[in-house]
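The values are calculated or read from the model by the stated rules, or taken from the named source; none is laboratory data. All of these numbers come straight from a predicted model, not from anything done at the bench. Glycine also receives a Cβ, built like all others from the backbone with ideal geometry; neighbour counts cover every protein chain displayed.
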């Protein structure tokens, strides 16, 4: 349980093509975008990505890094459907498994508890079962005899999540309105990489928020990356809101043009390019 700090590049260097990768956050909220950008600078591809999708999915899809996506939605929140994801999906660039939000959550819970599946009512009576013919149902062994969807575990080789504060041991704290299931992503994964807005001493975590804000436990975390503004352009309340102007630019710019201008260099180059664009406005 020693010092787990590393750079984004060091974290991504431990990922391999063909992995199943979970990405925390929700839509365009508290996404580990600095880690996603580092992933885009690597040669890792052919990924199965499991995510409540936002621009993380859009960028990886546009860059041709996905083999399969498991999701409940892919949205930019203020822009209902992520446009780069939509374009990649419409040209058949990857396989898609789309399930109900609650089914997705129970899939993570099953993996976190090392179970093959968990029973869930969500999905019954809907087209989820029709578009996912591989799903099965189970019958309660008790007198009620109720039928449930048997949601398979969403086992992850690795997870990427972003929080407000973390210490060097891997304890992660969120200070915003919602945990977004980041703890489940880490628990469902064999390895987990946690980026944070600010690295602090362990004692500072107790001062910053109530005990329940200590979302991610150190025994679940493989590496910690300090990444100020590392969720940009998604929100990371209360540290910063979503950069709506930049998100609109992202959503309306052809991927090759956006990638060439903002993603051709390292994280420092990304920040410099964003600042230059803001000054132009």
Next on the checklist: Considering only the stretch 17-27, I want to know if a residue exists there that is touching a residue at least 40 places away in the same chain (Cβ under 8 Å), part of a loop (DSSP other than H, G, I, E, B) and over 12 Å from the mean Cα position of the chain (by Cα).
Outcome noted: yes
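Every residue, every condition in (1) farther than 19 Å from residue 180 by Cα; (2) touching a helix residue (DSSP H, G or I) at 6+ places or on another chain (Cβ under 8 Å); (3) in contact (Cβ under 8 Å) with a residue 24 or more places away in the chain; (4) crowded, with 19+ Cβ neighbours inside 10 Å, yes or no:
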{"site": "90", "(1), (2), (3), (4)": "yes, no, no, no"}
{"site": "103", "(1), (2), (3), (4)": "no, yes, yes, yes"}
{"site": "108", "(1), (2), (3), (4)": "no, yes, yes, yes"}
{"site": "120", "(1), (2), (3), (4)": "yes, yes, yes, yes"}
{"site": "123", "(1), (2), (3), (4)": "yes, yes, yes, yes"}
{"site": "131", "(1), (2), (3), (4)": "yes, no, yes, no"}
Next on the checklist: Given the options 97, 137, name the one that is outside any loop (DSSP other than H, G, I, E, B) and closer than 12 Å to residue 72 by Cα.
Outcome noted: 97
Next on the checklist: Condition (residue is more than 23 Å from residue 56 (Cα to Cα) and part of a loop (DSSP other than H, G, I, E, B)) applied to the stretch 190-203: is it met by at least one residue?
Outcome noted: yes
Next on the checklist: Tell me yes or no: at least one residue of the stretch 225-240 is over 19 Å from residue 39 (Cβ atoms) and buried (at least 22 other Cβ atoms within 10 Å of the Cβ).
Outcome noted: yes
Item to check | The lone exception for residue 243 - which of (1) out of contact with any strand residue (DSSP E or B) (no Cβ under 6 Å at 6 or more places or on another chain); (2) at pLDDT 95 or above; (3) surrounded by fewer than 15 Cβ atoms within 10 Å (Cβ to Cβ) it fails | outcome: (3)
Checklist entry - If you scan the stretch 263-275, which residues turn out to be surrounded by fewer than 11 Cβ atoms within 10 Å (Cβ to Cβ) and under 16 Å from residue 245 (Cβ atoms)? => result 275
Item to check | Residue, farthest from residue 163 (Cα to Cα), within the stretch 207-242, restricted to residues that are in a helix (DSSP H, G or I) and in contact (Cβ under 8 Å) with a residue 60 or more places away in the chain | outcome: 219
Checklist entry - Any idea how many residues of the stretch 60-71 are surrounded by 18 or more Cβ atoms within 10 Å (Cβ to Cβ) and free of Cβ contacts under 8 Å to residues at least 60 places away in the same chain? => result 6
